[in-house]
């Protein structure tokens, strides 16, 4: 037994070297950091995505590295002793009665305490920084400038990136960092695509992120929404539509399972197959109700056999199917200019401001600086050449309009990355992109002839529509198109409307393009059937 103790004592003596001392310092600092962060996690009121990663992965790894350094120091020390023929190194004598020794010891203890304190504090500050928006949006992901800029203008601008893109727990952290490793390679060697492709196919399920704040079972009732549309005419005429959005939702316990969030009710299961990476072309939908009954809906042009449907990967519908741009929203120029009018940042008294603003925003540009110069020149020259009196009397309003339109461009348009509202369509609604009509288009049919509903009143109820300053109540809650469309009433909004111009006729009219709608269309009003 004494032999073993002697052998163990000789082994421990090998740690008496600078390298092993550095390794032991790293081990102690890591251990204290782990304890500190563990207590922070235990006593904290909010679960943090990165805290557990540092506590259970990063600092334990650093501690193992410290142990490795200790072993390396021991091996080098053993080699040195064998080379010089020495077996034992005496410990330094510690005599606290000696003032010089006492001062050295106190100095060493003070420096050790300072080192450990700085290590623990620095560890926590490092953890805080890595989960900051600055780290995600500016330091490591410069190529993601469009996403970061749009994020700052979004409703989720106060939600940290990691809360949606990583979430709590070590498993998704590892996945995100493996993905980040490839992204780092892509940025370094400029292998990334322009624009960055969406949606993110390895994004964490909405149940683990979105639903930590937004609880589908508690969604119910209707919400008032006012849509403001300014015309492309000389007066920038305002049309308003007031409607109730049937948010719906609920749970089996409350019995509320209706409205838009019916899709997200936990008792319902909706799955689909999309034929494109952007999930815009949905050809097959499966609905499974509370009793387990299954209904499949397929479009006529899907051409999918039963075997193909069985083998093709399916995606279960969650929040991001419709809220696919919850934070990184690229607003269409038509909508962005409407919002600027409503906010008072654009003067509606300037003739044709809506038309001219949308026109200069929609032109193709190679760089942002080129666009900003063209916006200033285009708007300034238009009023100078066509409205000299207004140009002289309302120059301040014109200059303010130029600044605002430039701000809109810098927020939602990124020519260097080829990013705009068309490259990243927003599936909420159906005015500027297909959105709801990906499924609710009247073309998805079951084997028994059942069709996915195209009734707009399921999702919203129109209260009134204002045109020319006169509000017209809508008794049946159905949207009335301001122009009688006759046989075209079955078309979807996106067939004619675009986010970068007032209207685009579904047919090539040639020399007839200058005609008024009513010159050709007459009869039954559009009832919003699709």
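Sorted fewest first by neighbouring Cβ atoms within 10 angstrom, 451, 408 come out as 451, 408. Scattering from segment 257-369 was approximated by placing one identical point on each alpha carbon and applying the Debye formula without solvent; log10 I(q)/I(0) at 0.10, 0.21 1/Å stands at -0.55, -1.15.
If each residue's Cβ is checked for other Cβ atoms within 10 Å, how do 327, 145 rank with the fewest at the top?
Listing 327, 145 from fewest to most nearby Cβ atoms yields 145, 327.
For segment 301-411, relative contact order (Cα pairs under 8 Å, six or more residues apart, normalised by length) works out to 28 percent.
For segment 343-469, the equivalent ellipsoid built from the Cα gyration tensor has semi-axes of 39, 21, 10 Å, listed from largest to smallest.
By the beta-carbon count within 10 Å of each Cβ, the least crowded to most crowded order of 463, 111, fewest first, is 111, 463. Sorted from greatest to least, the principal axis extents spanned by the alpha carbons of segment 333-417 come out as 40, 26, 17 Å.
Normalised by the residues of segment 378-468, what does the relative contact order come to in percent, with Cα pairs under 8 Å and at least six apart? Relative contact order, segment 378-468: 11 percent.
Read-outs throughout are calculated quantities, based only on the coordinates presented, and are distinct from any laboratory measurement. What you see is a predicted model, and the numbers here were worked out from it, not measured in a lab. Methodologically, a virtual Cβ is constructed for each residue, glycine included, from the backbone with ideal geometry; neighbour enumeration extends over all protein chains shown.
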